[in-house]
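Participant: For reference, the structure I am asking about is given below.
The values are calculated or read from the model by the stated rules, or taken from the named source; none is laboratory data. Quick caveat, the model's predicted, so the values are computed rather than measured. Cβ sites come from the backbone with ideal geometry, for glycine too, and all protein chains shown count toward neighbours. Just so you know, the surface numbers come from the protein's heavy atoms only, side chains and all, with ligands and any DNA or RNA stripped out. Shrake-Rupley method; radii C 1.70, N 1.55, O 1.52, S 1.80 Å.
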Amino acid sequence: FIDKLPSGRLDGVNVIEKEHQDSYAAEVRVFRCFEEVKDNCVVIHQLEWTHQQLSALIPDHMCSKEGCKKGPDDHPCHRQAMDVEGECDFIVIGDSFVAVFEVKGLSLQGDGTVDEVKLEGCCESARKQRNRMVDLIKSINPLVTTYDFTVFPNIPVELVSERYLVDDIMFSDELEKLI
């Protein structure tokens, strides 16, 4: 990375920059694993879709009114057509399945309570993103088999509590499962 962060305790902009670097490094690690896949599949990285695309595929969707400047008569779902509605880190399309991967670049800092809150927040955020992507895929083809996972490539399994050791969450030591 071009930026060199100060050593010791980080604060302010440096914390945000460190989180961006960790997220980037995490996605690169997962991408490198997908490069090693020998099966016949397509890997899509950073797929985004607009509100208009979502509306075309799921016409009866519900939107948030948060931040909407228009009234319900003008725009009942409160979103602009070209607003980015969602994104997904990786989608793997195989012969008989589609797998959704949401990568979180969280690095634990050794502060039990803070780390637990951050990990829980990342899991919840990733689950919502994965569910939205799976809903979109199922609206295109309801018969396709889908799988979805959250990947924490910066965190080894031994640093997390048992409640996170579930089938849809992967940690750094489990990245070989992607190959």
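Participant: Test each condition in (1) in a helix (DSSP H, G or I); (2) open to solvent by 20 Å² or more (accessible area, probe 1.4 Å) for Asn154 and report the one that comes out false.
Facilitator: Checking Asn154 against (1) in a helix (DSSP H, G or I); (2) open to solvent by 20 Å² or more (accessible area, probe 1.4 Å), the one that fails is (1).
Participant: Further question on the same structure: For segment 110-126, enumerate the residues that are without any contact (Cβ under 8 Å) to a residue 24 or more places away in the chain, part of a helix (DSSP H, G or I) and not acidic (Asp, Glu).
Facilitator: Selection gives Gly112, Thr113, Val114, Val117, Lys118, Gly121, Ser125.
Participant: As an exercise: evaluate Lys65 against (1) open to solvent by 80 Å² or more (accessible area, probe 1.4 Å); (2) touching a His at 6+ places or on another chain (Cβ under 6 Å); (3) modelled with pLDDT of 80 or more and give the number of the one condition it does not meet.
Facilitator: Just one mismatch for Lys65, condition (3).
Participant: Residue pairs, Cβ under 8 Å, 6 or more apart or interchain, first in segment 142-162 and over 22 Å from Glu87 (Cβ atoms) and of a type in the set (Gly, Ala, Ser), second at pLDDT below 90 and surrounded by fewer than 18 Cβ atoms within 10 Å (Cβ to Cβ). List them.
Facilitator: Correct list of pairs: Ser161/Glu116.
Participant: Here's a follow-up. Is there a residue being within 16 Å of Asn154 (Cβ to Cβ) and in contact with a strand residue (DSSP E or B) (Cβ under 6 Å, 6 or more places away or on another chain) anywhere in segment 77-84?
Facilitator: Within segment 77-84 (the criterion being within 16 Å of Asn154 (Cβ to Cβ) and in contact with a strand residue (DSSP E or B) (Cβ under 6 Å, 6 or more places away or on another chain)), the answer is no, since none of the residues qualifies.
Participant: Which one of these does Arg132 not meet: (1) within 19 Å of Asp22 (Cβ to Cβ); (2) in contact with a strand residue (DSSP E or B) (Cβ under 6 Å, 6 or more places away or on another chain); (3) open to solvent by 90 Å² or more (accessible area, probe 1.4 Å)?
Facilitator: (1) is the only condition that Arg132 fails.
Participant: Under 7 Å between Cβ atoms, which residue pairs at least 6 apart in sequence (or on different chains) link something in segment 25-47 that is over 20 Å from Lys104 (Cβ atoms) with a partner that is charged (D, E, K, R)?
Facilitator: Listed by first residue and then by second, the contacts come to Asn40/Asp95.
Participant: Conditions: (1) modelled with pLDDT of 90 or more; (2) exposed (fewer than 14 other Cβ atoms within 10 Å of the Cβ); (3) under 23 Å from Asn40 (Cβ atoms). Glu176 meets all but one. Number of the miss?
Facilitator: So the condition that Glu176 fails would be (1).
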